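Before any comments, here is the structure.
The values are calculated or read from the model by the stated rules, or taken from the named source; none is laboratory data. Because the structure is a prediction, the values reported are computed rather than measured. A quick note on method: Cβ atoms are made from the backbone with ideal geometry, for glycine too, and the neighbour counts reach across all protein chains shown. Areas reflect the complete protein model, heavy atoms only, side chains present, ligands, DNA and RNA absent. Shrake-Rupley method; radii C 1.70, N 1.55, O 1.52, S 1.80 Å.
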Amino acid sequence: SYEVTQPPSLSVSPGQTASITCSGDALGEKSVSWYQQKPGQSPVVVIYQDFKRPSGIPERFSASNSGNTATLTISGTQGEDEGDYHCQTWDRSSAVFGGGTKLTVL
Amino acid sequence: EVQLVESGGALVRPEGSLRLSCAASGFISGDYQMNWVRQAPGKGLEWISYIDSSGGTIYYADSVKGRFTISRDNAINLLYLQMTNLRAEDTAIYYCARSWSSSGWSHFDYWGQGTLVTVSS
């Protein structure tokens, strides 16, 4: 079955840029979405179709997808961005999630 | 306002059964594909099932195939997940999530608050 891999954790200082990767075979040929999940809350989509940002999501969230890697970038990271980030794609009618990356802003 | 509200989570013994419900409001549920996604304690998200807007196309993750059944009643805006032969590893928060599709790809644009299923003797 298809798998996508994320780093388990990432720490950044406030104001810095956070880059979270999601890797999988030929992932660039698929569409990737990113979800933010804060403790005790449900996931919220922050990026869909590789780079599109839903209304209400700050412009500091951006993303790309090419080759075997998709990347979520948070520019000027703020404390409120702390949480888990999950990448997701589809493979043969099954949705596939990465293991999630815990972003710490300290 | 789009809302998805899950219910039915409980403590159940191994090999037991449970039915989860997801009540949709704020949109015409029959216009959208729906999914169930679960999250075991301290773990990542796991997609488990998809149903299209009419209920005619259904997919399952291998981990639940043959044990779980997804269904929907568009007349009353409800999504269901019938779970049988439950195992300890099915312990998780279960979310219903709406799919939004464009250009042949979809993502989960709205999620419920989740309902907790605990499988333990």
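Filtered by the rule that a residue be part of a strand (DSSP E or B) and basic (K, R), region B:42-88 gives a lone residue, B:R72.
Consider region B:69-100 and keep the residues that are closer than 23 Å to A:Q36 by Cα and open to solvent by 40 Å² or more (accessible area, probe 1.4 Å). The one that is modelled with the lowest pLDDT is B:W100. The number of residues in region A:88-106 that are over 20 Å from A:F51 (Cβ atoms), more than 9 Å from chain B (Cβ to nearest Cβ) and modelled with pLDDT of 95 or more comes to 3. Considering B:S103, B:S121, which residue is closer than 20 Å to A:K30 by Cα, out of contact with any strand residue (DSSP E or B) (no Cβ under 7 Å at 6 or more places or on another chain) and open to solvent by 70 Å² or more (accessible area, probe 1.4 Å)? On inspection, the qualifying residue turns out to be B:S103.
Here the condition is being in contact with a His (Cβ under 9 Å, 6 or more places away or on another chain) and within 19 Å of A:S94 (Cβ to Cβ); of B:L45, B:L79, it holds for B:L45 alone.
Take the residues in region A:66-87 that are more than 11 Å from chain B (Cβ to nearest Cβ) and acidic (D, E); name whichever of them is farthest from A:G28 (Cα to Cα). The qualifying residue farthest from A:G28 (Cα to Cα) is A:E80.
Mind checking which residues of region B:5-41 are touching an Asp or Glu at 6+ places or on another chain (Cβ under 8 Å), within 14 Å of chain A (Cβ to nearest Cβ) and outside any strand (DSSP E or B)? Answer for region B:5-41, where residues must be touching an Asp or Glu at 6+ places or on another chain (Cβ under 8 Å), within 14 Å of chain A (Cβ to nearest Cβ) and outside any strand (DSSP E or B): B:Q33, B:A40.
So which residues in region A:33-53 are farther than 16 Å from B:H107 by Cα and either within 12 Å of chain B (Cβ to nearest Cβ) or buried (at least 24 other Cβ atoms within 10 Å of the Cβ) (or both), if there are any at all? If the condition is that a residue be farther than 16 Å from B:H107 by Cα and either within 12 Å of chain B (Cβ to nearest Cβ) or buried (at least 24 other Cβ atoms within 10 Å of the Cβ) (or both), then A:P39, A:G40, A:Q41 are the ones that fit. Filtered by the rule that a residue be under 19 Å from A:E82 (Cα atoms), open to solvent by 60 Å² or more (accessible area, probe 1.4 Å) and within 12 Å of another protein chain (Cβ to nearest Cβ), region A:54-65 gives a lone residue, A:G56.
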